[in-house]
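A quick write-up on the structure given underneath.
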Amino acid sequence: MGYEVKGVVARSKGAPVTIETILVPDPGPGEAVVDIQACGVCHTDLHYREGGINDDYPFLLGHEAAGTVAAVGEGVTNVAVGDYVVLNWRAVCGQCRACLKGEPKYCFATHNAAQKMTLADGTELSPALGIGAFAEKTLVHSGQCTKVDPAAKPEAAGLLGCGVMAGVGAAINTGAVQRGESVAVFGCGGVGDAAIAGAKLAGATTIIAVDISDTKLEWATTFGATHTVNSKETDAVEAIKALTGGFGVDVARSTRSATPPSSSRPSTPATWPDGS
Ligand SMILES: [Zn+2]
Ligand SMILES: [Zn+2]
């Protein structure tokens, strides 16, 4: 049985992606099939196509999505058919050393579907970040489905699955921004704007957005930036010093790609579980 749907596949390193027929199996124990309503385009999908993640071609791209649960396998209790969900690529186990320490963001045993989606000829696909949502339907572990308010538009809600959590997490978890601190964010795309929003949530009072696009700097102010610096026109370091009494900011973050974000504070250098 299963489903035959269309999906966006990267077949080999650097080659243009193609739209292929893919076979999505019926969900097995603990799995769910989700009808995808919207999926963001993240830089990490390009990294996959370029061979920057690994060589497990062909990849089924897409990993920042929202949709509706179409079917669930045996033993699934956290979601049911018809639930509106965001897909997340770090479905934490709740039982490993990191999870038990109260740091699920570093979970060592995140859940993915056990079965494989395939091309029509049976070739197994590697779903990007264990999701593969540039497709009409995808197969995931049920733990990768997070129910959200159906009032949220799918094209916005899906962003919670990667860019928003990467940016907000960089500010709140990795950078550990504290109330009253000053923060600089370099690069104000989706992840950078989410880092700005996260810094605001954490109570930062000086949030300096740095970019080379005035349009993006304008957007950054709507997410909570208190100051903007166009680093094409102004020396960013000098501008940041001038805005912080000569000291520089407490936390600085630069955006190169959503996965994984880099963030640092002077006294406690941040690291990611994969060592990057
Ligand atoms: Zn992403
Ligand atoms: Zn865990």
Checklist entry - Taking a point 7 angstrom from the Cα of Thr215 along the C-beta vector, which residues in the range 142-176 have backbone N less than 20 Å away? => result 156
Checklist entry - Given a cut-off of under 8 Å on Cα pairs at least six residues apart, what relative contact order in percent is computed for the range 66-139? => result 20 percent
Checklist entry - Any idea what log10 I(q)/I(0) is at q = 0.13 Å⁻¹ for the range 3-161, Debye with uniform C-alpha scatterers and no solvent? => result -0.56
Item to check | Linear extension gain, Asn54 paired with Glu103, 0.36 nm per residue minus alpha-carbon span | outcome: 15.0 nm
Checklist outcome for this item: Residues whose built amide H sits under 5 Å from the amide H of Ile22, excluding neighbours closer than 5 in sequence, are Val5, Lys6, Gly7
Checklist entry - Could you give the Stokes-Einstein D for the range 95-230 in µm² per second, using the C-alpha Kirkwood radius, 10 °C, 1.306 mPa s? => result 93 µm²/s
Checklist outcome for this item: Note on the chain: contact order normalised by length, alpha-carbon pairs under 8 Å, 6 or more apart, percent, works out to 17 percent
Item to check | Inter-site label distance for Glu124 and Ser231 at 7 Å from Cα along Cβ, in nm | outcome: 4.1 nm
Item to check | Relative contact order %, the range 185-247, counting alpha carbon pairs below 8 Å whose residues are six or more apart | outcome: 29 percent
Next on the checklist: Can you work out the Karplus-derived ³J(HN,Hα) for every residue in the range 102-112? Use 6.51 cos²θ - 1.76 cosθ + 1.60 with θ = phi - 60°, whole Hz, and x for glycine or proline.
Outcome noted: x, 10, x, 5, 9, 3, 8, 9, 5, 8, 9
Next on the checklist: If you consider only alpha-carbon coordinates, what radius of gyration and Dmax does the chain have, in Å?
Outcome noted: 19.9, 66
Checklist entry - Based on Cβ point charges of +1 for Lys and Arg and -1 for Asp and Glu, what charge dipole magnitude is obtained for the chain about its Cα centre, in debye rounded to the nearest 20? => result 680 debye
Item to check | Student exercise, the range 3-161 dipole from Lys, Arg, Asp, Glu Cβ charges, in Debye to nearest 20 | outcome: 460 debye
Checklist entry - So how do 103-115, 62-74 stack up, highest first, on mean other-Cβ count within 10 Å? => result 62-74, 103-115
Checklist outcome for this item: In Å², rounded to a whole number, the accessible area per residue of the chain with probe 1.4 Å is 48 Å²
Next on the checklist: Counting only helical runs of four or more DSSP H residues, what would the 222 nm mean residue ellipticity of the chain come to if each run contributes -39,500 (n - 2.57) and the total is spread over all its residues?
Outcome noted: -5000 deg cm²/dmol
Checklist entry - When the Cα atoms of the range 164-264 are enclosed in a convex hull and the volume is divided per residue, what value in Å³ results? => result 75 Å³
Checklist entry - Using the Cβ atoms and a cut-off under 15 Å, what net charge is assigned to the surroundings of Ser126, where Lys and Arg are +1 and Asp and Glu are -1? => result -2
Checklist entry - Where does helix 190-201 land angle-wise versus the long Cα axis of the chain, in degrees 0 to 90, nearest 10? => result 60 degrees
Checklist entry - All other residues with a Cβ under 15 Å from the Cβ of Leu159 taken together, and with Lys, Arg as +1 and Asp, Glu as -1, what is their net charge? => result -4
Checklist entry - Quick one: Cα convex hull volume of the range 28-104, Å³ per residue? => result 139 Å³
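The values are calculated or read from the model by the stated rules, or taken from the named source; none is laboratory data. A quick note: this is a predicted structure, and the numbers were derived from the prediction, not measured. Reconstructed Cβ throughout: ideal geometry from the backbone, glycine too, with neighbour counts over all protein chains shown. These accessible areas exclude ligands, DNA and RNA; they are computed on the full protein's heavy atoms, side chains included. Shrake-Rupley method; radii C 1.70, N 1.55, O 1.52, S 1.80 Å.
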